[in-house]
Amino acid sequence: MKPILWTSTRTSGTIVHQMAAASGLDLDIRFISLRKGEHRTPDYLAINPKGEVAAIQLPDAGVTITEIPAMALWLAEAAPQSGLLPADPIGRAKGMEWLAWCHFRLANTFSLAFQAKRLVGGDEAAAAALRATAVTRAREALAFADAQLAKQASGTLLGTARVSAPDIFLAALLGFAGFLGVATDDLPHLRALGAKVAAVPAIAAALAREQEIG
Ligand SMILES: N[C@@H](CCC(=O)N[C@@H](CS)C(=O)NCC(=O)O)C(=O)O
């Protein structure tokens, strides 16, 4: 049986959907609705007990892989020609380093802004303060990434000609910053990376599919 990518549009699952598209692998991509609670059904919890998207289910192995860096690693291993991660040990470790960096920023910065009200139990003033702090931290993180990208003639995080999994993740954080109203006009290297990722035909097709689904 084909591996199955369980995801949901306009969530962190979109990051894995883009990586899966860039891998060129023949995956069965299944979208579920968080709004309808489809991630909390017994059937889905049997696949991913965390009740979250994304998840890559490997029916033949009887295993489900979760957490973006782990899913990126599996995709890179399953599609070694994709360039999702470099093949050499140092390049691969640096790729994992950037995936971990993006993942940590997503959890401790961007998510705080998106979920501020829920995290503070509905208190509007506390939510506004948390959101403001998170937005400042998001801006700092993106400025750091822009400065690192400036050192690479390739314009990619790992100095590769093709976009890698960390590039896809970082470009998604740039997109999230747009939703949060974080100014990024003065981060040209990051914006150029965002355009480079969006121009990869398989990634553009994946994003267009998500738009269609809504
Ligand atoms: N650490 C997880 C985060 C997954 C996650 O939080 N997914 C969210 C969507 S962005 C979700 O499924 N939320 C369901 C819920 O909170 O009930 C990862 O790397 O994939």
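The values are calculated or read from the model by the stated rules, or taken from the named source; none is laboratory data. These figures come from a predicted structure and were not determined experimentally. Here the Cβ positions follow ideal geometry from the backbone for every residue, glycine too, while neighbour counts run over all protein chains shown. These area figures cover heavy atoms from the full protein model, side chains too; ligands, DNA and RNA do not enter into them. Shrake-Rupley method; radii C 1.70, N 1.55, O 1.52, S 1.80 Å.
Annotations for the structure displayed:
- Unit charges at the beta carbon, dipole of the stretch 89-199: most positive-side option, A153, G91, A129: G91
- Antiparallel content of DSSP bridges confined to the chain, in %, to 5: 60 percent
- Computed over the chain, Cα set: Rg, Dmax in Å: 17.2, 50
- Dividing the mean sequence gap of close Cα pairs (under 8 Å, 6+ apart) by how many residues the stretch 23-174 holds gives a relative contact order of 18 percent.
- The chain: most fluctuating residue of L180, L99, L142 per GNM, C-alpha cutoff 10 Å: L180
- Among A87, A46, A138, the residue with the largest mean-square fluctuation in a Gaussian network model of the chain, with springs joining Cα atoms closer than 10 Å, is A46.
- Anisotropy class of the stretch 1-128 from Cα gyration tensor, a/c 1.5 cut: oblate
- Whole-percent carbon and sulfur share, accessible surface of the stretch 89-214, 1.4 Å: 61 percent
- Shape call, the stretch 60-103: gyration tensor on alpha carbons, a/c limit 1.5: oblate
- Summary of the geometry: the stretch 155-214 and the stretch 91-120, compared by the centres of their Cα atoms, lie 15 Å apart.
- If you sort the three axes of the alpha carbon gyration tensor as a ≥ b ≥ c, you get a/c of 1.5 or more for the stretch 142-185 and a/b no higher than b/c, which makes it oblate.
- Across the stretch 1-112, the mean sequence separation of Cα contacts (distance under 8 Å, 6 or more residues apart), normalised by length, yields a relative contact order of 26 percent.
- In the stretch 86-212, Cα pairs under 8 Å separated by at least six residues give a relative contact order of 24 percent.
- At least 30 Å along the helix axis (C-alpha) and Kyte average at least -1.0, DSSP helices within the chain: 124-150
- Sparse packing (at most 13 other Cβ atoms within 10 Å of the Cβ) combined with a DSSP loop state is found for the following trypsin sites (Lys or Arg not before Pro) in the stretch 45-107: K50.
- Accessible area expressed per residue, the chain, with surrounding protein chains retained (probe 1.4 Å, Å²): 49 Å²
- Per-residue ellipticity at 222 nm computed for the chain from its helices equals -17500 deg cm²/dmol, with DSSP H segments shorter than 4 residues left out and the rest contributing -39,500 (n - 2.57).
- Percent of C-alpha pairs per 5 Å bin in the stretch 89-199, short distances first: 2, 13, 23, 22, 17, 11, 7, 4, 2, 0.
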